[in-house]
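Everything below concerns the one structure shown next.
Coordinate-derived values only; no laboratory data. Quick caveat: nothing in here was measured; it's all calculated off a predicted structure. All Cβ positions, even for glycine, are placed from backbone atoms using ideal geometry, and neighbour counts span all protein chains on display.
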Amino acid sequence: MTEPAIQYCYAHPTRETSLRCKRCDRPICTSCAVSTPTGYICRDCMRERQKSFDTAVWYDFVSGFIIAGLLSGLASFLVTFVGGIGFIGWLLIFLGSSVAGGIIAEAVRAVTRRRRSRALFLTVGAGVVFGALPMLLLQLLSGNIFGLIFQAIYLVIAAPMVYARLSGIQLSR
C-alpha cells in the first residue's frame, strides 16, 4: 500500500490537513473550513457564495432608510397617544409595536423589490431608530418618563422585528 501524500492548507502552509474544499478541491485546515449542510468549503468559496445572496443596490439603502424612518416616526407618534390610556395602553404598545415592525418590514420589502443584503437590513433598522428619535427627544425634553418608557418599548420591539422579518430569521419552524 502506498501512503497518501501529506497535504498542507492553502492559507496556512505549515498546517497538515486531510480536509478539502468541496467546491474548489483545495486542501484546507480546520480553522479555514466553513461547515455547510453538504460538507466543508473554504472561506474564499464562502465569500463567492455569499455574493450571490447580496442583491441590494445602492438606492435600496436610501429608499429603505427613508421608508423605515417615515413609518417609524408615524408609529412613534401613535405610541405617544396610546401610552396615555392606562393599562390598555401598555397592552396596545406591546402588540402595536410588533405590528408596526411587521408593517415597516413589508413596506421596505415592497420598495426594495425583495432585494437582500445584511447591510440593507442594518440600514433599515437604523432608519427605524432614526424615525423614532424626534418623539423620543420630545418626551425627554418634556420630562415625561412614561413617554420615554413607551418609546423605549416601541424601539426594543419594533427594530429587531424589522430586522428579523427582512433577514428571514425564524424563531420556530
Exercise for the section: Using the charge dipole of the chain (Lys, Arg: +1 at Cβ; Asp, Glu: -1 at Cβ; taken about the Cα centre), state which of Ile67, Met46, Thr80 has its Cα farthest towards the positive end. Expected result: Met46
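Please give the net charge around Leu120, taking every other residue with its beta carbon less than 9 angstrom from that of Leu120, where Lys and Arg add +1 and Asp and Glu add -1. Write out the running numbers ahead of the final one.
Values: positive: Arg115, Arg116, Arg118; negative: Asp54, Asp60.
Once all neighbours under 9 Å are counted, the net charge is +1.
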Exercise for the section: Taking mean projected area of the Cα convex hull in nm² as the quantity of interest, determine which of (i) 14.8; (ii) 13.4; (iii) 12.6 was computed from the displayed structure. Expected result: (i)
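Dipole size in debye (nearest 20) for the chain around its Cα centre, Lys and Arg Cβ +1, Asp and Glu Cβ -1? Each step should come with its number before you reach the end.
Values: 17 positive and 8 negative charges, 95 e Å.
For the chain, the charge dipole is close to 460 debye.
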Practice task
Tell me which residues come under 5 Å, amide H to amide H, from Thr36 once H is placed; ignore anything under 5 positions away on its chain.
Solution key: Ile41
Exercise for the section: State, as an integer percentage, the relative contact order of the chain based on alpha-carbon contacts under 8 Å between residues 6 or more apart. Expected result: 22 percent
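Per DSSP helix of 4 or more residues, -39500 (n - 2.57); summed, then divided by the residues of the chain. What does that give at 222 nm, rounded to the nearest 500? Present the calculation step by step, with values, prior to reporting the outcome.
Details: 5 runs with 107 residues, N = 173.
Calculated at 222 nm, the ellipticity per residue is -21500 deg cm²/dmol.
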